[in-house]
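Taken together, the values in this text are just the output of simple stated rules run on the coordinates, not laboratory data. None of these values were measured; they are calculated from a predicted model. In this analysis, Cβ positions are derived from the backbone assuming ideal geometry, glycine residues included, and neighbour counts consider all displayed protein chains.
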Amino acid sequence: MKNTVVVLWIFLVSVFLMAGGDVVPKISAIAEISDETCKVGEVYVEHDAKLMWQDQAYTNAEDGAVKRNHSSGKAGTWNHAINYCRRLNYAGFSDWRLPTSDELLHVHRKAGQAFKYFRGNDFWSSTPTTDTRYNVVFTADAYQYKRNKNESHYIRCVRCIK
């Protein structure tokens, strides 16, 4: 009886192993290539002010950095914002800078939304205020507010058009 059970068990295990089916995925002979192009280097050109604005998608890490008061990419402290724009090489240009509060106010007081990638939140400016604070512009209402430079806010760099 014991031998019959062992033989039956080996038979069943063998059947299950061989009956696994076709595990090799079927791949077409020709790989399909997507028609989508990478949207790299998107900018918004403000012709009346002769400014070119960085218009790039914000990542989850950057959104999280603002919420957790950290620095990551296009979000962070004032010092991070200054350094981010100075080092930015985007859309074929490397002369980016942090905008003044007047420049941010000008672009956000226009009718409609100028930017494809918008955040209704505070954006750093390079404009200092009294008591070691800097102006941010709250894009949802286009007003400026004083913020401590160790707080985390969004960054949008700008460059002059010659």
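What to note about this one:
- Label-reachable residues, the stretch 107-142, where backbone N falls under 14 Å from a point 7 Å from E42's Cα toward its Cβ: 113-119
- Cα Rg, Dmax, the stretch 43-160, angstrom units: 13.0, 37
- Inter-label distance, nm, simple model (7 Å from Cα along the C-beta direction), K149/D102: 2.1
- In this label model, N121 and K2 are separated by 7.0 nm, measuring between points 7 Å along each Cα→Cβ vector.
- Here the label points at R68 and S94, each 7 Å from Cα along the C-beta direction, are separated by 3.2 nm in the simple model.
- FRET efficiency for A49 and A142, using Cβ-Cβ distance with R0 set to 22 Å, rounded to 0.05: 0.90
- Antiparallel content of DSSP bridges confined to the stretch 43-160, in %, to 5: 95
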